[in-house]
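What follows is a set of notes on a single structure, which appears directly below.
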Amino acid sequence: MSSKPEQKETHQANGAVLPIVPMDCLTSPDRGQLVEPSDFLGPDGDGVEVVVLESRANAKGVREEDALLENGSQSNESDDTSTDRGPEPASPLKETSFSIGLQVLFPFLLAGFGTVAAGMVLDIVQHWDVFKCVTEVFILVPALLGLKGNLEMTLASRLSTAANIGQMDTPKELWRMITGNMALIQVQATVVGFLASIAAVIFGWIPDGHFSIDHAVLLCASSVATAFIASLVLGMIMIGVIIGSRKMGINPDNVATPIAASLGDLITLALLSGISWGLYKELESKAYVNPLVCAFFIALLPIWIIIAKKNAATREVLYSGWEPVIIAMAISSVGGLILDRTVSDPNFAGMAVFTPVINGVGGNLVAVQASRISTYLHMSGMPGESSETAPRKCPSPCSTFFSPDVNSRSARVLFLLVVPGHLVFLYTISSMQGGHTTLTLIFIVFYMTAALLQVLILLYIADWMVHWMWGRDLDPDNFSIPYLTALGDLIGTGLLALSFHILWLIGDRDTDVGD
C-alpha cells in the first residue's frame, strides 16, 4: 500500500486528481469511478474491502487538497482521470531577487514617469482660475489620485491572484471576472467620488468658515465624473495588462499595479483639471449643468449594482468592501488638506510637482509587495484558515526585511529601488524646469530621506497588515491596498511638507515662483 506522502507527490507531479490505489482494477475504465467494494470481496468478505475504503479516503483527500490549491476554481468533478486540463499556473514563489527586480524595474520606472507627468500637470494647473477660486479642488487631488489604490490597484491585485491560481484560464471564467469586476469598480468609483467631494467641502469649510453651494455642486460633479471615467479607462487597461502578462509568462503581481499607477495619476489629474475647468466656465451662464452631471452618474448606479451582484466573485466585495475604500479616501483627504494649505505658500514652492511623485512611488512599491504577499497566502489556503504562513502577531523589522523567505527578498528589492528611481525622477523634473525650485544637494538629501522613510514604513505596515487581515478572514486583495496607498499619500505629503519647512528654516530654499 502506498504511503500518504507518495500519494501527494504523485498527485502533484501529474497535475491531475488521480486516486492512488494499490490495485489497478479499483477504477472502471470509462469514468475512473471507484467500483463498489462488493465486486472485489473474497469468499470470506474480508481484506479487500478495507483496502478499497482506504483508497476512497485517499482519493477524497487528494481531491480536497487540489481544490484548496486551486482556491475553489475546480468543481467536485475533478476526480475525472482525464488530463485535459489547463496548465498549472506558474508559481511566483521561486523567483530570485534578480528576477523580481528585473520584472518590477520597467513597470516601476514607467509608473514613476507617470507620476512625474502628473506632477508637472499639477504644477501647471495650480495657476488656473478654478484652482485659485475653488481651492478645495486641491483637497480632491490626493483622494482621486488615491482611487488607483482604492480601486484600480485593488482590481489589479484581485485579478492577478485569480490569474495565478487558475481562475481565469477559460474564456467563460475570464469573461465573468471582467464583467463583475468592471461593474464593481464603477459602483465604488461613483460612491467614493461623491464622498470625496463631501470631504473636500467639509475640510475647506472648517478652516475658513466659508461655504458656497455652487462650489460644492461643482466639486461633486467634477469628482464623480472624474472618478467614473478614470476607473472605466484604467480598469480596461488593467485587464489587458494582466491577460498579456499571463501569456508572456510574467507574474502579473509584479507589473499590474505599477502600470495601473503609471497611467492612473496622469489620467485622473488630467480629467479632474479639464472637467473642473469646463464646469467652472459653465457655472455662471449654465448653472444647471453641474447638478445634471451629478444626477447622470448617480442614476447609473443601479445598473452597475445589478451586474456586480450577479457575479459571485464580486458580490461579497460589493457588500463588505466599502470600509477600506471610504476610510482610505478620508485618509487621503487629510493629505489633500495639507497640500491645500502648503501649495499656495511661497515657502513651499515645489510641493505641487513633488507631491504626486513621492506619493505615487511609495504607493506603487507597497502595492506590489501587498499583492505578492496576498498571492503567496492564497496559494496556501483560504483567508481565515490556520497556516504557518499567516502569523497573527506583529512581525519584527528584521523578519520583514532580512529573513530568507521570498516576501522579505522582494521587500529588500523594492526598498533598494527607491533611491535610484527618485534620482531619475528628480533629474527629469529638473530637466523640464518643473517645481520652480533649484535641486541643491541638501534638498536631495532631505527629499531622499523622506522617500526612504516613507517606503520603509509602508513595507513594514504591509507585512503586518496583509497577514493580520488574512488571519481574520479578510481577503487582503480587497482590503489592504486601499489602506496602504492612502497611508502612503498621508505619510509622503506630511514628510515632504516637513522637509520643505526644515529647508526653509535653514535657508536652503532657492525658489523661483512664477506662473
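What distance in nm lies between label points placed 7 Å from Cα along the C-beta direction at Ser403 and Ala312?
According to this spin-label approximation, the distance is 3.3 nm.
What distance in nm separates the two pseudo spin-label positions at His501 and Phe106, each 7 Å out from Cα along the beta-carbon direction?
Distance between the two pseudo-spin positions: 4.3 nm.
When only DSSP loop residues count, what chymotrypsin sites (Phe, Trp or Tyr not before Pro) in segment 263-332 have their Cβ near at most 14 other Cβ atoms within 10 Å? Walk me through the intermediate numbers first.
Working: sites: Trp277, Tyr280, Tyr288, Phe296, Phe297, Trp304, Tyr319, Trp322; in loops: Tyr288.
Answer in residue order: Tyr288.
First compute the accessible area of segment 128-344 with a 1.4 Å probe, then give the percent of it belonging to carbon and sulfur atoms.
On the way: 5810 of 8250 Å².
With neighbouring chains kept in place, the figure for segment 128-344 is 70 percent.
So how much slack lies between Val233 and Asp473, counting 0.36 nm per residue of separation and subtracting their Cα-Cα distance, in nm? Can you show the working numbers first?
On the way: separation 240, 0.36 × 240 = 86.40 nm, distance 3.14 nm.
Between Val233 and Asp473, full extension yields an extra 83.3 nm.
How much net charge surrounds Asn290 when only other residues with a Cβ under 13 Å from its Cβ are counted (Lys, Arg +1; Asp, Glu -1)? List each step's numbers first, then the result.
Details: positive: Lys281, Lys286; negative: Asp214, Glu282, Glu284.
Taking every other residue near Asn290 into account, the sum is -1.
Using the Karplus equation 6.51 cos²θ - 1.76 cosθ + 1.60 (θ = phi - 60°), what ³J(HN,Hα) coupling, rounded to whole Hz, does each residue of segment 348-357 give in order, writing x for Gly and Pro?
Per-residue couplings from phi come out as 10, 4, x, 4, 5, 7, 8, 4, x, 6 Hz.
Quick one: what are the phi-derived ³J(HN,Hα) couplings along segment 211-216, Karplus 6.51/-1.76/1.60 with θ = phi - 60°, whole Hz, x for glycine and proline?
For segment 211-216, the Karplus curve yields 9, 10, 5, 5, 5, 4 Hz.
What order, most packed first, do the peptides 130-139, 419-428 have when packing is the mean number of other Cβ atoms within 10 Å of each residue? Please list the in-between numbers first.
Numbers: 130-139: 21.7, 419-428: 16.5.
Ranking the peptides 130-139, 419-428 by packing returns 130-139, 419-428.
Over segment 244-307, with the other protein chains present, what is the accessible area per residue in square angstrom, probe 1.4 angstrom?
On the way: 3050 Å² over 64 residues.
So segment 244-307 comes to 48 Å² accessible per residue, rounded to a whole number.
Probe of 1.4 angstrom, ligands and nucleic acids ignored: what's the accessible area per residue over segment 345-514, in square angstrom?
Values: 6430 Å² over 170 residues.
Each residue of segment 345-514 exposes 38 Å² on average to a 1.4 Å probe.
Rounded if a/c is under 1.5, else prolate if a/b beats b/c, else oblate: with a ≥ b ≥ c from the C-alpha gyration tensor eigenvalues square-rooted, which is segment 271-397?
On the way: a/c = 3.32, a/b = 1.35, b/c = 2.46.
The shape class here is oblate.
In segment 345-514, what percent of the accessible surface is made up of carbon and sulfur (1.4 Å probe, ligands and nucleic acids excluded)?
Working: 4290 of 6430 Å².
That fraction is 67 percent.
Could you tell me how far the Cα centroid of segment 280-359 sits from the Cα centroid of segment 152-196, in Å?
So the two Cα centres are separated by 19 Å.
Could you run the Karplus curve 6.51 cos²θ - 1.76 cosθ + 1.60 with θ = phi - 60° over segment 178-185 and give me ³J(HN,Hα) per residue in whole Hz, x for Gly and Pro?
Residue by residue, segment 178-185 yields 5, 5, x, 6, 5, 5, 4, 6 Hz.
The values are calculated or read from the model by the stated rules, or taken from the named source; none is laboratory data. All values reported here derive from a predicted model rather than from experimental measurement. FYI the Cβ positions are ideal-geometry reconstructions off the backbone, even for glycines, and counts take in every protein chain you see. When the accessible area is computed, the model is the full protein with side chains, heavy atoms only, and any ligands, DNA or RNA have been set aside. Shrake-Rupley method; radii C 1.70, N 1.55, O 1.52, S 1.80 Å.
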